[in-house]
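Here's the structure we're looking at; comments come further down.
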Amino acid sequence: FKGGDTCEYLLSSGRFLGEKVWQPHSCMMHKYKNSEAKNCLIDKHVVFIGDSRIRQLFYSFIKLINPQVKEEGIKHGNIPFEDKSASIKVDFLWYPEVNGSMRQRIKSWTEGSVTKPHIIVVGAATWSIKIHNGSNEALAQYKINITSIAPLLEKLAISSDVYWVLQDPVYEDMLSESRKMITNEKIDAYNEAAVRILNSSSRNSKAKVKVFSVSKLIAQETIMKSADGLHLPESSRDTNAMILMNVYCNKIMKPIDGSCCQPQPPLTLIQKIAFCFFTLSIFGYLIISLIHRNNYRKNKSCTDLESGEEKKPAISTPNVSTLEMLLHCFCKLGLIMTYFYLCDRANLFMKENKFYTHSSFFIPIVYILVLGVFYTENTKETKVLNREQTDEWKGWMQLVILIYHISGASTFLPVYMHIRVLVAAYLFQTGYGHFSYFWIKGDFGVYRVCQVLFRLNFLVVVLCIVMDRPYQFYYFVPLVTVWFMIIYATLAVWPQIVQKKANGNCLWHFGLLLKLICLLTCIYFLSYSQGAFEKIFSFWPLSKCFELNGNVYEWWFRWKLDRYVVFHGMLFAFIYLALQKHQMISEGKGDPLFSNRVSNVLLFISIVSFLTYSIWASSCKNKTECNELHPSVSVVQILAFILIRNIPGYVRSVYSSFFAWFGKISLELFICQYHIWLAADTKGILVLIPGYPMFNVLVSTFIFVCVAHEISQITNDLAQIVVPKDNSTLLKRLLCIAGFFSGLHFFSAMQDQSRH
């Protein structure tokens with residue numbers, strides 16, 4: 001299903017999502033703000049020609065530029081509008097009939113060196129029906145007049161955007177006596193005549209007058225709400241004006257969430273190099289596979305015709321070489337990246353806007369929770385936050401976040417605040433997991449650091465190259481990467497304090513607490529000193545990684561939003577491991593974590609805390625104010641959940657294998673959703689099967705999950721090759737990686753220079 005000409009679809013087809021949200025067929029419509037509209041129309045002249053319906057469209061259009069405009073102009077006369085700050089002129093010219101006067105006005109723009117308007121919007125018919133009492137002679141004259149105007153419009157369409165607005169249906173029961181002759185049958189006849197003549201004329205011309213027929217579809221759904229049966233309600237007029245703005249401005253402004261009328265972006269130099277690399281990898285793998293297959297056939301056992309016995313091969317099948325495994329991984333990755341590009345960069349598949357309803361979010365949540373509970377198994381170990389439990393935790397959180405994204409639930413503040421806690425919980429696990437590893441193992445070697453950094457960043461680096469996106473665009477990976485390095489630096493810097501050393505002398509515990517206090521002080525200072533934070537991340541090469549749209553504000557905002565939760569995770573790990581070491585908790589199978597009395601009290605406090613946070617989050621009225629409080633209070637619900645999940649022995653001894661499976665590929669799921677499940681960089685929804693929303697979600701989800709699982713395996717395989725345990729070999733690989741990034745930076749600089 002090709003996306004096709006999205007401009008044509010935008011002007012001619014679509015449907016309502018709910019009551020007020022218009023969804024064009026196959027593409028996404030951007031909601032323009034006043035500042036964006038002004039930037040698009042700067043130094044432009046727009047003209048609306050027609051009757052009272054066109055005047056309504058004119059007012060809705062100029063309100064996109066200046067919302068303070070009031071509909072106070074002369075009803076049956078010309079109305080000028082000018083925005084001097086952006087040098088925008090928008091005029092309404094009163095020509096209620098398609099006649100000689102309208103023709104003369106249009107002709108004046110085609111003659112000599114007269115400045116032509118950049119956008120011309122024309123439409124009229126109801127006055128002709130009304131004045132001539134719906135006579136057939138009036139329709140015949142209308143056809144003659146349009147036939148004479150069509151060549152002039154075609155001539156203007158060479159240098160200007162010309163739109164002919166078809167007549168909207170009327171609500172006949174509400175029409176006044178003086179308008180009873182304006183019937184939908186007559187309107188259809190006039191529209192049919194206009195379309196036939198304009199299409200016939202455009203076949204003989206290089207330029208084309210665009211027929212604005214989508215207004216008819218919108219009117220069919222909303223004309224019942226009209227005040228007089230003839231004029232559209234304000235919401236419908238605003239939708240038409242927004243469509244007009246998208247048709248003209250999307251190719252200029254290129255909004256991410258406005259795929260309608262946007263041309264396919266040209267391939268960058270880096271994308272071309274990546275394409276060549278993956279193509280060579282595919283051919284290289286096929287050649288090596290064919291060679292191995294032929295060798296295997298030669299050495300295959302064969303039957304001795306004399307004895308009838310099977311001879312053994314002299315040479316066994318060779319093991320898969322490192323080169324073959326490397327090419328195999330890149331071959332699969334190349335095919336997957338092709339799918340990524342086709343989904344979200346080529347205009348091949350359709351895209352649609354998100355539309356939130358409570359049912360679209362909560363019904364899938366209930367469904368996956370039922371599935372998760374159904375697949376319950378016993379854990380291998382019963383420790384607090386054991387591996388199966390943390391995988392399960394990541395899994396159900398990731399599934400909830402995915403549903404949150406595809407349903408557009410960010411518009412509903414209570415859901416948004418709870419999802420913020422889930423993101424914080426991921427970072428809490430980052431602090432808990434990495435602190436526990438370094439504290440227990442005492443392994444601060446380069447191999448461990450490189451393994452973690454590779455697994456976290458491999459997919460994102462590839463996507464930055466293939467999808468032409470900055471590193472900071474995939475904000476969560478930079479976030480966990482930086483926090484991992486902060487945890488590493490905190491524990492690795494002199495004096496290195498680990499559990500083995502601290503067991504010999506309790507004073508080392510105070511030394512570690514002192515380190516954690518220093519870390520907390522630095523976090524507090526940077527969170528309230530935007531200037532200092534931006535200076536740190538504005539130095540090259542950090543600026544190349546953390547800038548988005550030319551500055552690091554977005555990075556500072558993301559970091560600040562969950563600034564304390566990693567510290568909370570580290571502190572929780574320290575306290576838990578200390579309690580475990582001194583045998584102050586019971587982690588046996590089926591045993592409560594503490595004594596029955598203490599367990600019951602803690603369980604009660606945890607449940608109350610959990611519910612209290614949910615009530616507070618659900619009563620939030622202002623996103624900015626709630627975001628300010630979130631970093632300090634999110635840990636309440638996280639700790640409450642951990643205690644509820646781990647204090648009862650039975651609950652701690654079981655886990656959901658369904659959620660745990662998704663938890664193992666949670667990072668890949670989070671990143672892949674940007675381009676092959678959602679669309680337009682998460683702003684919309686990918687449509688593989690138009691017309692069947694549920695079936696489309698099932699198919700795209702199946703492919704998306706399979707791809708995420710495959711990428712997880714590819715990353716694990718490549719990590720073994722690219723990051724070897726041998727230090728000398730690892731050093732060589734690191735030099736190669738440094739060379740790769742140097743080359744990437746060089747080509748990026750060339751790319752930026754050519755763009756400028």
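The values are calculated or read from the model by the stated rules, or taken from the named source; none is laboratory data. Just so we're clear, the structure is a prediction, and the values are computed from it rather than from any experiment. Ideal geometry is used to build each Cβ from the backbone, glycine not excepted, and the neighbour counts take in all protein chains shown. Heavy atoms of the whole protein, side chains included, go into the accessibility calculation; ligands, DNA and RNA do not. Shrake-Rupley method; radii C 1.70, N 1.55, O 1.52, S 1.80 Å.
Taking the Cα centre of the range 6-253 as origin and assigning +1 to Lys and Arg Cβ atoms and -1 to Asp and Glu Cβ atoms, the resulting dipole is close to 660 debye. The percentage of C-alpha pairs in the range 598-709 whose separation is greater than 24 Å is 55%.
In the structure shown, the pairs K20/K75; K251/K394; K31/K664; K251/K272; K515/K683 are assessed against 32 Å; a Cα-Cα span above that value is assigned to K251/K394; K31/K664; K515/K683. For a paramagnetic label modelled on S360 (point 7 Å from Cα along Cα→Cβ), amide N atoms under 15 Å away are absent within the range 467-481.
What is the distance in Å between the Cα centroid of the range 664-713 and that of the range 430-492? That distance is 24 Å. Of the trypsin sites (Lys or Arg not before Pro) in the range 636-727, the ones in a loop by DSSP (not H, G, I, E or B) with at most 16 other beta carbons within 10 Å are K725. D91 contributes an accessible area of around 30 Å² to the protein surface, as traced by a 1.4 Å probe with all chains present. About the centre of its Cα atoms, the chain shows a dipole size close to 1200 debye [charges on the beta carbon of Lys, Arg (+1) and Asp, Glu (-1) only; nearest 20 debye]. For K354, the aspartates and glutamates whose Cα comes closer than 18 Å to its Cα, not counting residues fewer than 8 places off in the same chain, are E19, D257, D344, D681. The label-point distance for S614 and L513, in a model that sets each label 7 Å from Cα toward Cβ, rounds to 3.5 nm. Across the protein chains, with a 1.4 Å probe defining accessible surface, the residues M253, M350 rank M253, M350 from largest area downward. Take every DSSP beta bridge with both residues inside the chain and express the antiparallel ones as a percent of the total, to the nearest 5. Of the beta bridges lying entirely in the chain, close to 55 percent run antiparallel. Can you work out the base-10 log of I(q)/I(0) for the range 661-726 at q = 0.20, 0.22, 0.25, 0.28 1/Å, using the Debye formula on its C-alpha atoms alone? Log10 of I(q)/I(0), two decimals: -0.80, -0.90, -1.04, -1.15. Structural descriptor for the range 380-528: relative contact order 20 percent, calculated from alpha carbon pairs under 8 angstrom and at least 6 residues apart. Placing unit charges on the Cβ atoms of the charged side chains and taking the dipole of the chain about its Cα centre, the candidate lying farthest along the positive direction among I129, N145, F458 is F458. The stretch between S321 and T183, if pulled fully straight at 0.36 nm per residue, gains 41.9 nm over its current Cα-Cα span.
Using the alpha-carbon atoms, what tilt in degrees (0 to 90, nearest 10) does helix 596-618 show relative to the longest principal axis of the chain? It works out to around 20 degrees. For L678, the amide hydrogen comes within under 5 Å of the amide hydrogens of L686, counting only partners 5 or more places away or on other chains and with H modelled in the peptide plane. Mean sequence separation of contacting Cα pairs (under 8 Å, at least six apart), scaled by the length of the range 6-253, corresponds to a relative contact order of 24 percent. Per residue, the average separation of C-alpha pairs within less than 8 Å and at least 6 apart gives the chain a relative contact order of 15 percent.
What residues from the range 388-407 fall in the zone where the backbone N is under 15 Å from a label point 7 Å along the Cα-to-C-beta line of V654? It comes to 389, nothing else. Extension gain for the segment H76 to E381, taken as residue separation times 0.36 nm less the Cα-Cα distance, is 101.6 nm to one decimal.
Simple spin-label estimate for S13 and I721 gives 4.5 nm between the two label positions (7 Å along the Cα-to-Cβ direction from each Cα). For the chain, the longest principal axis of the C-alpha atoms and the axis of helix 413-441 are separated by about 30°. Dimensions of the range 349-723 along the principal axes, based on C-alpha atoms and rounded to the nearest Å, stand at 67, 51, 48, largest first.
When the Cα positions of S543, Y471, A492 are compared along the charge dipole of the range 453-562, A492 comes out farthest toward the positive end, with charges on each C-beta of Lys, Arg, Asp and Glu. Stokes-Einstein diffusion for the range 512-563 at 37 °C, viscosity 0.692 mPa s, with a Kirkwood radius from C-alpha pairs, works out to 281 µm²/s. The C-alpha atoms of the chain define a longest principal axis, and helix 476-492 lies at about 30 degrees to it. The label point for E625 and the one for E234, both projected 7 Å from the Cα toward the Cβ, are 2.7 nm apart. Per residue, the chain reaches -20500 deg cm²/dmol at 222 nm when only DSSP H runs of four or more residues are counted, each adding -39500 (n - 2.57). Fully extending the segment from R597 to D681, taken as 0.36 nm per residue of separation minus the present Cα-Cα distance, adds 25.1 nm.
Cross-link partners of K383 among aspartates and glutamates, defined as those whose alpha carbon lies under 12 angstrom from its own and excluding same-chain residues fewer than eight positions apart: E587, D591. Ignoring ligands, DNA and RNA, what percent of the accessible area of the range 362-410 is carbon or sulfur (1.4 Å)? Its accessible area is 65 percent carbon and sulfur atoms. Semi-axes of the equivalent ellipsoid for the chain, computed as √(5λ) from the eigenvalues of its C-alpha gyration tensor and ordered from largest down, come to 59, 34, 26 Å. Between the alpha-carbon centres of the range 406-428 and the range 100-136 there is a gap of 53 Å.
One equal scatterer on each Cα of the range 424-568, no solvent, Debye formula: the resulting log10 I(q)/I(0) at q = 0.15 Å⁻¹ is -0.83.
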